[in-house]
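The values are calculated or read from the model by the stated rules, or taken from the named source; none is laboratory data. Treat the numbers as computed from the prediction; the structure is a model and nothing was measured. Don't worry about glycine lacking a Cβ; one is built from the backbone with ideal geometry, like all the others, and counts go over all protein chains shown. Keep in mind that these areas ignore ligands, DNA and RNA; they rest on the heavy atoms of the full protein, side chains included. Shrake-Rupley method; radii C 1.70, N 1.55, O 1.52, S 1.80 Å.
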Amino acid sequence: MDTIIGLGNAGCNLAEEFLQYPQYKVYQIDSEKRKTEANFKKMVARDSHELYEEKCPSMKSFFKNVKGSVLFIIGGSGDISGACLKILSYLQHCKINILYIKPDLAVLPVKKKIQNKIVFQILQQYARSALFEKMYIADNAKLESILGEVPVIGYYDKLNSLLASTVHMLNVYSNINSVMNTFTPSGPTSRISTLGILDPETGKEQLFYDLEYPREKLYFYAINHDKLLSDNSLMRTITGQVKNKTEENVQVSYGIFSTNYEEDYGYTIAHATYIQENEI
């Protein structure tokens with residue numbers, strides 16, 4: 001992704017995490033002022049989802065320099081998310097990827113739950129129809145469980161840091177040469193996705209969302225360069241882990257990447273064709 005766009009408080013907070021990486025240009029849209037004024041669009045505060053959609057201003061000038069691949073970050077429970085489709089219409093010339101932050105539904109009032117469900121389902125349908133490249137889902141409750149105990153002050157900062165660093169590193173490894181890999185192009189309908197981290201020693205994976213009916217899983221092993229040269233059992237370990245992850249109707253692939261870090265680490269991406277949480 002070349003450009004990061006955050007909508008609303010949750011989207012902007014996560015987008016700000018990408019300011020530390022020089023590879024991205026970051027844009028923010030919110031109804032309240034942000035710490036970073038560059039590439040910031042302030043929308044008039046509205047009282048409802050519907051009014052944000054109806055009164056959404058033109059984004060043509062704001063997005064005039066945006067091109068290439070875009071990561072659009074949104075949390076659907078906020079009122080401002082009602083404007084998302086109109087905002088996205090100004091990005092039709094770009095390759096749009098959605099990063100959807102799923103809130104902890106257990107603590108949301110009914111109105112927010114309904115708003116979240118509407119936006120969540122609509123964006124998935126757009127992704128499934130290939131109007132977006134991918135829709136990545138991250139569940140705050142899952143992020144918290146991965147991190148363990150998180151203090152109240154800085155709670156969302158910790159969650160956002162984990163999510164942003166994972167997105168960034170997967171973006172890096174998706175655009176550099178591997179030592180070896182078995183990756184193949186993703187299926188044309190596999191557009192509902194999530195990310196996760198992988199322990200390269202044990203093979204344990206922790207996804208950021210409980211993706212139902214995954215069709216593809218990709219594993220990224222980032223291994224110290226010297227270890228790649230000297231560890232004669234490493235290939236057997238990695239292929240053994242990948243074989244153990246093989247499931248019926250799920251295509252599994254992996255890549256091995258050389259790093260200068262002392263510690264090895266890993267990431268995973270899962271893709272599905274199935275619309276998530278689509279209860280009738």
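Please list 171-179, 77-85 highest first by mean number of surrounding beta-carbon atoms within 10 Å per residue.
On the way: 171-179: 14.1, 77-85: 23.0.
In decreasing order of mean packing, 171-179, 77-85 become 77-85, 171-179.
When the Cα centres of segment 144-189 and segment 201-270 are compared, how far apart do they sit, in Å?
13
Using the Karplus curve 6.51 cos²θ - 1.76 cosθ + 1.60 with θ = phi - 60°, what ³J(HN,Hα) values do you get for each residue of segment 182-187, in whole Hz, with x for Gly and Pro?
After applying 6.51 cos²θ - 1.76 cosθ + 1.60, I find 10, 5, 10, x, 5, x Hz.
For the charge dipole of the chain, defined by +1 on Lys and Arg C-beta atoms and -1 on Asp and Glu C-beta atoms about the Cα centroid, which residue among LEU198, LEU131, GLY11 has the Cα displaced farthest towards the positive pole?
The residue sitting most towards the positive pole is LEU131.
What net charge is computed for the residues neighbouring GLN251, neighbours being all others with C-beta under 15 Å from the C-beta of GLN251, Lys and Arg scored +1, Asp and Glu -1?
Around GLN251, the charge tally is +2.
With n ≥ 4 as the cut-off for DSSP H runs, can you work out [θ] at 222 nm for the chain, using -39500 (n - 2.57) per run divided by the number of residues, rounded to the nearest 500?
After summing the helix terms and dividing by residue count, I get -9000 deg cm²/dmol.
Give me the net charge of GLY203's neighbourhood, meaning all other residues with Cβ under 15 Å from the Cβ of GLY203; Lys, Arg count +1, Asp, Glu -1. Before the final figure, lay out each step's value.
Values: positive: LYS204, LYS217, ARG236, LYS243, LYS245; negative: ASP199, GLU201, GLU205, GLU247, ASP264.
Its environment carries a net charge of 0.
Name the shape class, rounded, prolate or oblate, that the alpha-carbon gyration tensor gives for segment 1-149, where a ≥ b ≥ c are the square roots of its eigenvalues, rounded holds for a/c under 1.5, and otherwise prolate holds if a/b is larger than b/c and oblate otherwise.
rounded
Whose amide H sits under 5 Å from the amide H of PHE132, counting only residues 5 or more places off or on another chain, with H placed in the peptide plane?
Result for PHE132 returns ALA127.
At a 1.4 Å probe, what is the % contribution of carbon and sulfur to the accessible area of segment 35-165?
That fraction is 53 percent.
Please list the non-local residues whose amide H lies under 5 Å from the amide H of TYR254, H modeled 1.01 Å from N, same-chain partners needing a gap of 5 or more.
THR182, PHE183, TYR219
Add +1 for every Lys or Arg and -1 for every Asp or Glu among the other residues with Cβ under 9 Å from the Cβ of ARG34, and state the total.
Overall, the nearby charge balance is -1.
Which shape class applies to segment 79-202: rounded if a/c is under 1.5, otherwise prolate when a/b exceeds b/c and oblate if not, where a ≥ b ≥ c are the square roots of the Cα gyration tensor eigenvalues?
Numbers: a/c = 2.04, a/b = 1.08, b/c = 1.89.
Verdict is oblate for segment 79-202.
What's the ranking of 53-59, 10-16 by average number of surrounding C-beta atoms within 10 Å, highest first?
10-16, 53-59
Show me, for segment 242-256, the HN-Hα J-couplings you get by feeding each phi into the Karplus relation (A = 6.51, B = -1.76, C = 1.60, θ = phi - 60°), rounded to Hz, glycine and proline as x.
Couplings: 5, 4, 5, 8, 5, 10, 5, 6, 10, 7, 10, 9, 8, x, 10 Hz.
Compute the distance in nm between two label points, each set 7 Å from the Cα along the Cα-to-Cβ direction, one at ASN232 and one at TYR21.
Rounded to a tenth, the inter-label distance reads 3.8 nm.
Considering only PHE18, PHE220, PHE183, give the residue with the highest GNM mean-square fluctuation for the chain, with springs between Cα atoms whenever their separation is below 10 Å.
So, out of PHE18, PHE220, PHE183, the one fluctuating most is PHE183.
Check LYS95: other-chain or 5+ apart residues with amide H under 5 Å from its amide H, H built from backbone geometry?
GLY68, SER69, VAL70
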